[in-house]
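Asks: Here you go, one structure.
The values are calculated or read from the model by the stated rules, or taken from the named source; none is laboratory data. Predicted model, so just to flag it, every value in this text is computed and none were measured. A quick note on method: Cβ atoms are made from the backbone with ideal geometry, for glycine too, and the neighbour counts reach across all protein chains shown. What goes into the accessible areas is simple: the full protein's heavy atoms, side chains included, and nothing from ligands, DNA or RNA. Shrake-Rupley method; radii C 1.70, N 1.55, O 1.52, S 1.80 Å.
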Amino acid sequence: MGEPRTIHFVSLGCAKNRVDTEVMLGVSAEAGFRHVDDPKEAEVIVVNTCGFIGPAKEESIETILEMGAYKDRGACEKLVVAGCLSQRYPNELGLDMPEVDHFLGSSDMLKLHAVLKGREERMLVGNPAEYTMRAEDPRILTEASHRAYVKIAEGCNRSCSFCAIPSFRGKQRSRPIDDLVREAERLAAAGVVELNLISQDTIAYGRELPERATLADLLEALGEVAGIEWIRAHYLYPETLTDSLIEVFSKHDKVLPYIDMPLQHASDRMLQRMRRGHGGDRVVRVVERLRASIPNLVFRSTFIVGHPGETDADFEELCQFVEWAELDHVGVFLYSQEEGTPSGEMPDAPDASIAEARRAELMRIQRPISRSRLELRIGTELDVLVEGVSDESDLLLQGRWWGQAPEVDGSVYLANGTAWPGEIRRVLVTDAADYDLMADFIDSSGQRDAPPDAKDPRPAKVKLRTLG
Ligand code: SF4
């Protein structure tokens with residue numbers, strides 16, 4: 001047997017794309033390839049692209065060009081482009097990028113095996129409806145060893161006017177509950193304690209399955225998996241939550257009372273233009289109901305500013321809503337004009353400078369709200385999932401309490417004690433900043449830990465692990 005061949009991956013875009021990259025990493029390992037960090041050393045380079053909005057498309061194209069250069073000044077023999085960009089623009093890319101040897105779409109991860117074994121067809125972009133991930137698909141985790149994203153469904157059945165995703169990711173296909181439980185069991189066996197459930201429209205999970213499973217059923221089933229401690233559901237469309245779903249969020253000790261619900265706007269006019277299927281009153285009612293029915297709720301949302309037709313009055317309404325709602329975490333995105341979408345044809349888009357000013361203003365409004373929500377935690381005890389040594393200082397450990405999702409929310413900084421990444425530890429919150437908390441470990445009797453000892457809490461920066 002010779003040396004394993006070498007491969008390098010670049011994963012762009014969202015967490016869903018990251019899962020796809022992890023599956024392709026698994027496929028490449030099965031085909032006898034070893035991942036190398038330096039693209040110069042790789043015989044095969046795979047760029048998993050994002051085609052969601054303008055800036056992401058530009059970044060994808062720049063990355064393909066950059067990686068293509070390794071065919072001249074590195075070991076690269078084969079450049080593969082996968083993901084949403086090639087799913088969305090296969091013909092254009094095929095013509096404009098002769099340096100690319102193979103194109104895979106957003107659901108063609110398993111075809112990489114044939115490419116690595118010498119399949120010669122260049123264009124392998126398939127129909128997304130023909131593939132939904134399965135627990136048995138090979139996957140190698142690239143994130144911290146104790147958390148993982150789980151794709152519970154692909155595609156989306158909604159028709160928000162600004163969004164191109166349904167046009168190239170297809171209609172919703174949910175994975176069966178037993179398949180997701182099997183994946184959770186494999187992840188738990190590999191040391192994962194936190195599951196972050198993702199899809200385009202998580203609240204609609206299971207509606208098209210023959211057994212008509214619900215998100216509540218799925219959360220209950222995943223809650224039974226030994227070793228999994230935290231389960232977080234991302235991207236809930238603002239619908240009225242069923243009583244059974246509220247009950248799971250309120251009472252299940254592993255399902256975090258953390259609602260991540262992209263509301264997008266609060267003005268009736270804008271929600272109508274965005275074709276969200278509801279008005280501003282629904283947005284207010286949903287927030288009120290969730291606050292009233294889920295004790296200790298942490299609420300994250302995202303908004304779009306600069307959509308065509310957004311007037312000063314619409315924006316003012318959004319600002320008033322954000323002030324009123326006092327959400328824990330808010331993200332604000334600039335509208336991006338996308339071809340093939342109804343919004344892309346609409347006139348009256350605000351100037352880019354106005355949209356940027358609105359984004360800055362909304363973040364300015366949210367910053368003290370975020371801080372005051374965190375200040376409520378000072379003096380209380382919380383469970384924190386330890387991530388490792390802080391990015392800010394080697395003298396601090398860094399983690400997240402359950403009200404902070406990975407990558408999008410803030411962190412908890414810990415100045416005393418020692419811990420291993422992946423441990424969930426009790427802490428006492430000592431201070432708050434705009435988006436972060438400071439805390440000390442406490443032992444089970446409520447005593448603060450002794451100062452740091454020699455136990456090295458550093459995790460490997462990127463740990464590649466094959467699921468068993
Ligand atoms: S629910 Fe999300 S993915 Fe689906 S169309 Fe609307 S914005 Fe796009």
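Asks: Tell me the relative contact order for the range 169-327 as a rounded percent, counting alpha carbon contacts under 8 Å between residues six or more apart.
Replies: 19
Asks: Which value, in Å², gives the accessible area per residue of the range 141-373 when a 1.4 Å probe is used on the protein heavy atoms?
Replies: 39
Asks: Return the carbon/sulfur percentage of the accessible area of the chain, one whole number, probe 1.4 Å, all protein chains in place.
Replies: 50
Asks: Might you tell me the accessible area per residue for the range 5-130, computed with a 1.4 Å probe and given in Å²?
Replies: That works out to 41 Å² per residue.
Asks: Of Leu218, Ser199, Asn157, which is farthest towards the positive pole of the chain's charge dipole, taken about the Cα centre with +1 and -1 on the beta-carbons of Lys, Arg and Asp, Glu respectively?
Replies: Selected residue: Leu218.
Asks: Here's something else I'd like to know. Expressed as a rounded percentage, what relative contact order does the chain have, with Cα pairs under 8 Å and six or more residues apart?
Replies: For the chain, the relative contact order is 11 percent.
Asks: Report the calculated FRET efficiency for Glu211 and Lys171 (r = Cβ-Cβ distance, R0 = 30 Å), to the nearest 0.05.
Replies: Working: r = 18 Å, r/R0 = 0.60.
Approximately 0.95, to the nearest 0.05.
Asks: Let me ask another. What figure in square angstrom, to the nearest 10, would you give for the accessible area of Lys117 with a 1.4 Å probe?
Replies: 130
Asks: Among the listed pairs Lys40/Lys117; Lys57/Lys117; Lys16/Lys71; Lys151/Lys254, which are separated by more than 25 Å between their Cα atoms?
Replies: Details: Lys40/Lys117 21 Å; Lys57/Lys117 29 Å; Lys16/Lys71 28 Å; Lys151/Lys254 18 Å.
Violating the 25 Å Cα-Cα cut-off are Lys57/Lys117; Lys16/Lys71.
Asks: What do you get for Rg/Rh of the range 5-130 when both radii come from the Cα atoms and Rh is the Kirkwood radius?
Replies: Value, to two decimals: 0.92.
Asks: Note down the relative contact order for the range 145-188 as a percent, whole number, built from C-alpha pairs under 8 angstrom at least six residues apart.
Replies: Worked out over the range 145-188, it gives 38 percent.
Asks: Further, regarding this structure: Could you check how many percent of all C-alpha pairs in the chain are farther apart than 29 Å?
Replies: 53
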